[in-house]
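Here's the structure, in structure tokens; my notes come after.
The values are calculated or read from the model by the stated rules, or taken from the named source; none is laboratory data. Values in this document were obtained by computation on a predicted structure and should not be read as measured data. Every residue, glycine among them, receives a Cβ derived from its backbone with ideal geometry; neighbour counts consider all protein chains shown.
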Amino acid sequence: MSGQGGVEDLLRPLTPQVLGLLVRRHGQFDACEDAVQEALIAAAAQWPRDGVPDDPRAWLIAVASRRLVDEWRSEHARREREERVAELEPAGEAQADVARQGDDTLALLFLCCHPALTPPSQIALTLRAVGGLTTEEIAHAFLVPEATMAQRISRAKKGVKASGGGFEAPAAGVEREERLRAVLHVLYLIFNEGYTASSGPDLRRGELTGEAIRLARLLARLLPDDAEVAGLLALMLLTYARCEARTTPGGDLVPLAEQERGRWDAAAIAEGVALVEAALPRGQVGPYQLQAAIAAVHAEAPTAEQTDWPQILALYLLLERVAPNPMVTLNRAVALAEVDGPRAGLALLASLEGDERLAEHHRLAAVRAHLLERAGERDAAREAYREAARRTTSLPERRYLEGRAARLVG
Amino acid sequence: MKYMLLIYDAPDTREIFSGPQHEQLMDRMNAIMDEIRASGEYVATQGLADAATAKTVRLQDGQPAITDGPFAEAKEQLGGYLVVDCEHERALDIARRWPLVSSGGIEVRPVMFDGGAEM
């Protein structure tokens, strides 16, 4: 028996299978989800001590089912429910469900990312019901009290119930497309939460990146023909590949151009590049594929100087058309400055100055500072770095920006 | 994103809160607390004892020295704080609904985090 990580690695992939099976049989997502969570907690306590059962999935189904029985017994409609319980787990039937596991997992993801829920609720519920994380683990990862996370999950489950949607995933069409975009967005947010935290001292937050990649992989297996699913997985892998190189051991941020490229994760890059190269020719170009393609161009440059900036600029132009957003324009200004010089980048930035969505954002000031520095305007660059440092809410970003400003003194 | 609501008291805030309006003001405060606990936005809160009980440590000639009284010589003093995990607009909305009296007020500040985006 391996350590705690071993049991978690076993339990998490089983979670949506077990939950999906119970919800499909009994409905009552809310009660089934609680029962599965308790079964997971019981397994995490017992398996390291007593050994892993021969059929872990059947064990979880049995324990979660017993929990459901207990729950139903305490309710009023006791007799009717006990009749249903009698047919709860005929031996051997579990095997017949294997084929439906994929559909069940997909249906669970759609349910947890229901548009009626707020993003924090979608994230929490997805991590618990599909990811198999405990409330305590999720609370730790998001640095909130466990009671707060428990409330978020409970509220999310009420929202799912109130939305009245069935367990089946919506059939192909506009609604399914929209619901799938919501699922991708939730996985993207989970990844980002972990990625931006991974320079901090709390490794459990960084673990969210791994969890998001695992769920994106699962989704890519279920929907192998969806180019955006592949694009999201590729984007995560290509971003994750730079994880080690993007901070110093002391936790200071290292900008892309100064990263030691030998420390990038070559296997993650190879997988990400292959995914995006296979996805793009399918013709359903979307924002995740384009962002992955940009990350791939960076990943494939042997040195920062050899980066194919015209290619990146073209990809940002495309991304701006597919998903217009001032943050994309900001990134395009960086690429434009590399191709046509800092003045061209600064001119594009000027067009963003009036944008309310960006006006107070530190990134606008940080990019302006960077371009001013490259244009040789040291005083203006220093002021812009300081403004960016005042605006950011991240400690390492603040240190980085103050450091850049300090280099320009005198 | 987490925000800290720094709740500033006017000189007569505590008197007003103890007076005839006590129940109505507490009801308004408790309604917000119930709401943010139920929604999973609540992170932490504390109320502070009166600023009259404060002592302040400052450097004097490079050495920390203790003086009686709060840090700033202002009429309004920090009376407590509330940390919430939500969007900026929502944090401002919570502050707007807080039972303010007299010249008291609330400062809404993002909490810094120990992570960062790639630069």
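Go through (1) more than 18 Å from A:R12 (Cα to Cα); (2) part of a helix (DSSP H, G or I); (3) touching an Asp or Glu at 6+ places or on another chain (Cβ under 6 Å) and name the single condition A:V144 misses.
So A:V144 meets the others, but not (2).
Can you find even one residue in region A:181-190 that is buried (at least 18 other Cβ atoms within 10 Å of the Cβ) and free of Cβ contacts under 8 Å to residues at least 60 places away in the same chain?
no
Does A:R404 satisfy being charged (D, E, K, R) and away from every other protein chain (no Cβ under 12 Å)? It would help to see each step written out before you state the result.
On the way: charged (D, E, K, R): yes; away from every other protein chain (no Cβ under 12 Å): no.
No; evaluated as a whole, the condition is false for this residue.
Test A:G194 against the criterion of being within 30 Å of A:E244 (Cβ to Cβ), among the small types (G, A, S) and not in a helix (DSSP H, G or I), and give yes or no. If you could, list the steps in order and put the result at the bottom.
Working: within 30 Å of A:E244 (Cβ to Cβ): yes; among the small types (G, A, S): yes; not in a helix (DSSP H, G or I): no.
No; evaluated as a whole, the condition is false for this residue.
Can you tell me which residue in region A:122-173 is farthest from the other protein chains (Cβ to nearest Cβ), limited to those that are of a type in the set (S, T, N, Q) and under 19 Å from A:D104 (Cα atoms)?
First, pick out the residues of region A:122-173 that are of a type in the set (S, T, N, Q): A:122, A:126, A:134-135, A:148, A:151, A:154, A:163.
Of the ones still in play, those that are also under 19 Å from A:D104 (Cα atoms) are A:122, A:126, A:163.
Details: A:Q122: 12, A:T126: 15, A:S163: 17 Å.
Among them, the one singled out is A:S163.
Please determine whether any residue of region B:13-35 is under 30 Å from A:T196 (Cβ atoms) and under 15 Å from the mean Cα position of the chain (by Cα). Before you say what the answer is, go through the steps one by one.
Within region B:13-35, the subset under 30 Å from A:T196 (Cβ atoms) is B:32-33, B:35.
Of the ones still in play, those that are also under 15 Å from the mean Cα position of the chain (by Cα) are B:32-33.
So far as region B:13-35 goes, yes, one or more of its residues are under 30 Å from A:T196 (Cβ atoms) and under 15 Å from the mean Cα position of the chain (by Cα).
Any residue at all in region B:58-75 that's farther than 25 Å from A:K157 by Cα, touching an Asp or Glu at 6+ places or on another chain (Cβ under 7 Å) and modelled with pLDDT of 95 or more? Walk me through how you get there before you give the answer.
Step one: filter region B:58-75 for residues farther than 25 Å from A:K157 by Cα, giving B:58-75.
Within this subset, residues satisfying the condition of being touching an Asp or Glu at 6+ places or on another chain (Cβ under 7 Å) are none.
No, that holds for no residue.
Filter region A:365-381 down to the residues that are surrounded by fewer than 20 Cβ atoms within 10 Å (Cβ to Cβ), in a helix (DSSP H, G or I) and either within 14 Å of another protein chain (Cβ to nearest Cβ) or of a type outside the set (A, V, I, L, M) (or both) and list them by number. Step through it out loud before you land on a result.
So in region A:365-381, the residues surrounded by fewer than 20 Cβ atoms within 10 Å (Cβ to Cβ) come out as A:374-380.
Okay, now just the ones that are also in a helix (DSSP H, G or I), so A:374, A:378-380.
A:R374, A:R378, A:D379, listed by residue number.
Touching an Asp or Glu at 6+ places or on another chain (Cβ under 9 Å), under 17 Å from B:P99 (Cβ atoms) and of a type in the set (D, E, K, R): is that true of B:R28 in this structure?
Values: touching an Asp or Glu at 6+ places or on another chain (Cβ under 9 Å): no; under 17 Å from B:P99 (Cβ atoms): yes; of a type in the set (D, E, K, R): yes.
Spelling it out, it is not the case that B:R28 is touching an Asp or Glu at 6+ places or on another chain (Cβ under 9 Å), under 17 Å from B:P99 (Cβ atoms) and of a type in the set (D, E, K, R).
Mind checking whether some residue in region A:242-256 is away from chain B (no Cβ under 14 Å), without any contact (Cβ under 8 Å) to a residue 24 or more places away in the chain and more than 19 Å from A:A212 (Cα to Cα)? Spell out how you get there, then give the answer.
Going residue by residue through region A:242-256, those that are away from chain B (no Cβ under 14 Å) are A:249.
Within this subset, residues satisfying the condition of being without any contact (Cβ under 8 Å) to a residue 24 or more places away in the chain are A:249.
Those left that are additionally more than 19 Å from A:A212 (Cα to Cα): A:249.
Looking for residues that are away from chain B (no Cβ under 14 Å), without any contact (Cβ under 8 Å) to a residue 24 or more places away in the chain and more than 19 Å from A:A212 (Cα to Cα), one finds at least one in region A:242-256, hence yes.
How many of the residues in region A:118-157 are without any contact (Cβ under 8 Å) to a residue 40 or more places away in the chain and among the basic types (K, R)?
Residues meeting the conditions: 2.
Out of all the residues in region B:108-119, is one or more over 15 Å from the mean Cα position of the chain (by Cα), small (G, A, S) and surrounded by fewer than 15 Cβ atoms within 10 Å (Cβ to Cβ)?
no
Can you spot a residue in region A:143-153 that is outside the structural domain of A:V36 (by TED's automatic domain parsing), over 17 Å from A:L19 (Cα atoms), of a type in the set (A, V, I, L, M) and at pLDDT below 95?
So the first thing to find is which residues in region A:143-153 are outside the structural domain of A:V36 (by TED's automatic domain parsing), and the list is A:143-153.
After this cut, where a residue has to be over 17 Å from A:L19 (Cα atoms) as well, the list is A:143-152.
So of that shortlist, the ones also of a type in the set (A, V, I, L, M) come out as A:143-144, A:147, A:149-150.
So of that shortlist, the ones also at pLDDT below 95 come out as A:143-144.
There is at least one residue in region A:143-153 that is outside the structural domain of A:V36 (by TED's automatic domain parsing), over 17 Å from A:L19 (Cα atoms), of a type in the set (A, V, I, L, M) and at pLDDT below 95.
Among the residues of region A:100-112, is any free of Cβ contacts under 8 Å to residues at least 60 places away in the same chain, among the hydrophobic types (A, V, I, L, M, F, W, C) and more than 23 Å from B:E87 (Cβ to Cβ)?
As a first pass, look at region A:100-112 and keep what is free of Cβ contacts under 8 Å to residues at least 60 places away in the same chain: none.
No: zero hits.
Conditions tested, residue by residue: (1) farther than 14 Å from A:L330 by Cβ; (2) more than 27 Å from the chain's Cα centre (by Cα).
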{"residue": "A:S351", "(1), (2)": "no, yes"}
{"residue": "A:E360", "(1), (2)": "no, no"}
{"residue": "A:R363", "(1), (2)": "no, no"}
{"residue": "A:V367", "(1), (2)": "no, no"}
{"residue": "A:L371", "(1), (2)": "no, yes"}
{"residue": "A:R374", "(1), (2)": "yes, yes"}
{"residue": "A:E377", "(1), (2)": "yes, yes"}
{"residue": "A:A388", "(1), (2)": "no, no"}
{"residue": "A:R404", "(1), (2)": "yes, yes"}
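Within region A:317-364, count every residue that is of a type in the set (G, A, S) and part of a helix (DSSP H, G or I). So that I can check it myself, show each step before the final result.
So the first thing to find is which residues in region A:317-364 are of a type in the set (G, A, S), and the list is A:323, A:333, A:335, A:337, A:341, A:344-345, A:347, A:350-351, A:354, A:359.
Next, from what is left, pick out any that are part of a helix (DSSP H, G or I): A:333, A:335, A:337, A:344-345, A:347, A:350, A:359.
Residues flagged as of a type in the set (G, A, S) and part of a helix (DSSP H, G or I) within region A:317-364 amount to 8.
Among the numbered criteria (1) assigned to a loop (DSSP other than H, G, I, E, B); (2) away from chain B (no Cβ under 13 Å); (3) more than 25 Å from A:G6 (Cβ to Cβ), which one does A:L180 miss?
(1)
With the checklist (1) away from every other protein chain (no Cβ under 13 Å); (2) under 26 Å from B:E89 (Cα atoms); (3) not β-branched (V, I, T) in hand, flag the one item A:R398 doesn't pass.
(1)
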